[in-house]
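Scroll down for the structure; my scribbles are underneath it.
The values are calculated or read from the model by the stated rules, or taken from the named source; none is laboratory data. Note that the coordinates shown come from a computational prediction; the quantities given were computed from them, not determined experimentally. So basically every Cβ, Gly included, is an ideal-geometry build from the backbone, and we count neighbours across all protein chains shown. The accessibility values were calculated without ligands, DNA or RNA, using every heavy atom of the protein model including side chains. Shrake-Rupley method; radii C 1.70, N 1.55, O 1.52, S 1.80 Å.
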Amino acid sequence: MSENLPPVQTQSQDPDQEHDHDHEALTSPLLPHYQRASNSTSQLAIVGVNVCPIESLDYETAENDFYKQDWRARDKIQNFQYIFMKWLLCFLIGCFVSVVGFCNNLAVENIAGVKFVITSNMMLTGRYEMAFLVFFLSNLVLTLFAAIITTFISPAAAGSGIPEVKAYLNGVDAPGIISLRTLIVKIIGSISAVSSSLLVGKAGPMMHIGACIASLLGQGGSRRYGLTWKWIRLFKNDRDRRDLVTCGSAAGIAAAFRAPVGGVLFALEEMASWWTSGLLWRAFFTTAVVAIILRALIDVCLSGKCGLFGKGGLIMFDVYSANISYHMADVPPVLLLGVVGGIFGSLYNFLLDKVLRVYAIINKKSVTYKIFIACTISIFTSCLLFGLPWLASCQPCPLDSTEDCPTIGRSGNYKKFQCPPGHYNDLASLIFNTNDDAIRNLFSKNTDAEFQHSTMLIFFVTCFILSIISYGVVAPAGLFVPVIVTGASYGRFVGMLFSSRTNLNHGLFAVLGAASFLGGSMRMTVSLCVIILELTNNLLLLPMIMIVLLVSKTVADAFNGNIYDLIMKAKGFPYLEAHVEPYMRQLTVADVVTGPLQVCHGNEKVGNIVHILKTTNHQGFPVIDEPPHSESPVLYGLILRAHLITLLKKRVFLRTPVRIGADAFRHFSADEFAKKGLGNVDKIEDIKLTEEEMEMFLDLHPFTNASPYTVVETMSLAKASTLFREVGLRHLLVIPKRTTGSPVVGILTRHDFMPEHVLGLHPLLQTRRNKLTHVRVTRSSTGLLNSTGRREVKISLSKIPKA
């Protein structure tokens, strides 16, 4: 929603700025029609693999008379219930997420274990063709199953889920992101996809699973299933759900890596756009519950009751060395790793972004194409994983090995594959294995002589390619584990090159390589550092990991952005960044709002309300009092679309335009204005009114937020954007600088701060970005109106002086 003045007239864009269609498809957002209609606050974005309409969340509290009366009526017991339920829900989130994470890992390891045992037994008898057929078909069936349930049941479950949840915590509401259906498909699909030997991870899906569990617990119950406990209904608002989802995302990372502190820091550094000390305490409590329950479940597995691979697949890499020490000679290789990680990480982000755009173009054709791509990637992966080990030569088993050599049909450092007795295939030990066990082998200590240089190069190139092309399949797929295994491979290779000049063993170099690639791709520092330390259980690595992360992030930032930010931008999520674009300081809020503006009166005719709701998709409307109800037109506040529909459903109409007074509190309850559960949004089309009712009136005053956030029309767009993001707003009213005329100029929504919208209104600002020119926007104190009635903005260009 926007102001009643038409869009600003600007000069047309230069011809040299136009690009051909093919190039634009690989560089612009994936949605070809990203621009919204002028009468709608909604937009389209790719959620999972499908294009869906999205809205913003109402993080602001609607402080109307009804809300104030409800809070005044609450006693100390109800306030205690509210606080107690926050902590109880955090405890339940930790319990459920830890159990799901444990079962998820356990299922992956056992399904993959059965596959590798059967294949290895066939290879022992020389039935190599049949072994390949079993390996190939099992991977294909698992991938096909994951793709089918994702495509037909919950397309929002595709991918890692981190970009979607990050956008949700920023205030973007997309259908199905954190629904029960998405949760079920995410769990089953993740198990199937990871077990199919696709180079995808389970950390991202686990984070998404945690967010779904947290949201479902805080939905406020379900009337359909009889879960309407009043205590739970206290959280039927976006603000409390956001806090629970933040705790759930932290619990998901903690469950995936058994890294409770790392999970909290990940949610703080990467996911959350809004953070308080109280939320920090609850997130820490949630991850502590996860750590305790996982410890108890792991003890059960250590007794041999968890199937083939024994430890539930939980990642815990032992690279501890009591004799580790650092010297100046060790610093250059570590710095080199940081630089290499930054370059490879930025290249990885660039290629992955392009591949996802190609997949999106193919996926929009039909469902068949989505499943066909997934099956094609599975076939290609199976051929590589089974065929590449034949290129490696067999190595004799080391005499001082602490493990069985060769290992047959189970996890271990020395895979026999096709080798004769007493020998092992070092490439098969990495490729013909689960991702977690490949990382364990790369991180393992006292194995400096295990792998050849050619093996590490082949494995690195294979992982780099497979991780890029596998992420875009229509199935739950994470990026953490693929990035770790790829970085560990080139890290160990660098360690092999510098083995004669450093005291660090190859396993430590693999850890540092994984850290460098994580920093270069995901651009996090503190959370990744702690996660890696908790993964490896080696605090002595802290200085080296810090150096590697800082160097890799610095190098990579010179090329492109965070991988998750790139994915969000490509999918069209209107994510508000913490920093503003420089050109926003040269524009005012009046330069970006567009009309027409729809308003309601304090005592509005029912027919007018129905007409406004049916002809627009706006989610909020200014409420204005005019004579004779006030001396002059005055802005009373803002009322939400959902609240108007609730009022129409109750049919508490008045025959004359008068105040309803205290009767409002008798006809309505607070629960009726609470946030609806997923998929339970009321629609104006479902309300049938008679002609007599259409001529009656509604008093909107008790239900209008009388203290909405407002900004004067001359405020800079940069300041307004900062306010909008920091407070977590959905609507920001723009009021005139002079009191004459209408008391409200327009409404700013999330879309008005998006660079695509701003640059669409002012193309010359794009020229400045491309040609390093300086744009100065000037306006007289009263504003200039041209002959067509449009506000005219003068834009002058001048070269930026050299520093």
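Results, tabulated for the structure shown:
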item	result
Volume per residue of the C-alpha convex hull in the range 584-761, rounded to whole Å³	136 Å³
Candidate aspartates and glutamates for bridging to residue 569, where Cα separation is under 18 Å - those fewer than 8 sequence places away on the same chain excluded	24, 55, 164, 173, 270, 353, 557, 577, 581, 752, 756
About the Cα centre, charge dipole magnitude for the range 76-303 (Lys/Arg +1, Asp/Glu -1 at Cβ), debye	760 debye
Straight-distance crosslink candidates among aspartates and glutamates, where the alpha carbon sits under 16 Å from residue 737 and sequence neighbours closer than 8 are dropped	3, 591, 713
Distance in nm between pseudo-label sites at residue 84 and residue 683 (7 Å out along the Cβ direction from Cα)	4.1 nm
Average Cα contact separation per residue, the range 584-761, under 8 Å, 6 or more apart, as relative contact order %	32 percent
Local electrostatic count, residue 475, Cβ distance below 13 Å [Lys/Arg +1, Asp/Glu -1]	+3
Cβ-Cβ FRET estimate between residue 501 and residue 358, R0 fixed at 45 Å, reported to 0.05	0.60
Cα centroid of the range 605-673 to Cα centroid of the range 689-762, whole Å	16 Å
Residue 497 accessible area, 1.4 Å probe, all protein chains in place, Å² to nearest 10	100 Å²
Whole-angstrom gap from the range 121-169 to the range 509-527, using each part's C-alpha centre	27 Å
Mean separation of Cα contacts under 8 Å, 6 or more apart, over the residue count of the range 76-303: relative contact order %	26 percent
Stretchable slack from residue 577 to residue 369, in nm (0.36 nm times residue separation minus alpha-carbon distance)	71.5 nm
Out-of-range pairs (alpha-carbon distance over 29 Å; input 186/236; 166/675; 76/605; 649/719; 364/649)	76/605; 649/719; 364/649
Using a Förster distance of 25 Å, the FRET efficiency for residue 403-residue 457 (Cβ separation, nearest 0.05)	0.55
The range 328-571 shape via C-alpha gyration tensor axes, a/c threshold 1.5	oblate
Proximal aspartates and glutamates to residue 445, defined as alpha-carbon separation beneath 20 angstrom and excluding residues fewer than eight positions away on the same chain	318, 330, 400, 403, 404, 426, 436, 437, 534
Sites residue 614 and residue 652, calculated FRET efficiency, Cβ-Cβ separation with R0 25 Å, nearest 0.05	0.75
Separation in nanometres of the label points that stand 7 Å from Cα toward Cβ, at residue 129 and residue 554	5.9 nm
Two-site label geometry, residue 693 and residue 117: point separation in nm, points 7 Å out along Cα→Cβ	6.5 nm
